[in-house]
Amino acid sequence: MIKNAPYKFTEFESFSFQFGPRGSLQNTYDSKTGNYQYVDSKDSVVRTKLHLSNDDLLYLHRKAAMQGFWDFPKDETGDSVKAGLQPLRYIIEFTYKRKSKRVVFDQNYVGDPKLIDANKQMIKEIDLVMGQAEGRQKK
């Protein structure tokens with residue numbers, strides 16, 4: 001089954017991750033360039049380079065497969081805004097030589113709870129991998 005999967009790691013080219021309030025996705029990462037921009041706790045925009053290792057990218061690829069990311073709908077956006085709060089929007093994209101998969105997920109998406117949990121778990125895994133890579137780079 002893995003050999004015939006539509007997304008093979010041997011064809012992997014890049015991974016990108018963006019998130020923030022719907023109007024401004026100020027937190028961005030692109031594995032191809034290593035460009036990483038985020039808003040820190042003091043509301044300052046920080047731009048840096050963050051390089052994920054091949055093992056990190058393979059781990060994310062496998063987690064995506066386990067979470068069923070390839071079968072997620074590409075548009076998981078919510079319409080309502082609760083009490084004037086702007087929900088976070090996440091854009092996750094894996095690019096391969098012959099295919100790519102891009103998912104837009106809003107925090108306030110109303111849908112299958114299993115799908116919402118899978119999205120949240122994928123975001124948690126991405127945060128974990130990026131945090132570990134930052135820790136390695138600081139040493």
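Any read-out appearing in this document is the output of simple, stated calculations on the displayed coordinates, not a laboratory observation. Because the structure is predicted, anything quoted here is derived from the model rather than measured. Here the Cβ positions follow ideal geometry from the backbone for every residue, glycine too, while neighbour counts run over all protein chains shown.
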Point-charge dipole on Cβ atoms (K/R +1, D/E -1) for the chain, about Cα centre, debye to 20
400 debye
Can you give me the pair-distance distribution of segment 98-139, C-alpha pairs, 5 Å bins, whole percents?
5, 18, 19, 18, 16, 12, 8, 3, 0
Cα radius of gyration and Dmax for segment 57-139 (Å):
14.2, 43
How big is the chain on each of its three principal axes, counting only the C-alpha atoms and giving the largest first in Å?
47, 40, 21
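Only helical DSSP H runs with n ≥ 4 go in: add -39500 (n - 2.57) per run for the chain, normalise by residue count and round the 222 nm mean residue ellipticity to 500 deg cm²/dmol. Can you show the working numbers first?
Details: 2 runs with 40 residues, N = 139.
One gets -10000 deg cm²/dmol as the mean residue ellipticity at 222 nm.
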My understanding is that a pair violates if its Cα-Cα distance is over 21 Å; which of Lys99/Lys124; Lys8/Lys63; Lys32/Lys120; Lys63/Lys99; Lys49/Lys74 do that in this structure?
Lys99/Lys124; Lys32/Lys120; Lys49/Lys74
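Over all directions, average the projected area of the Cα convex hull of segment 20-61 and note it in nm².
Numbers: hull surface 14.9 nm².
Average of the hull's projected areas for segment 20-61 equals 3.7 nm².
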Rel. contact order, % - alpha carbon contacts under 8 angstrom, at least six apart, the chain
26 percent
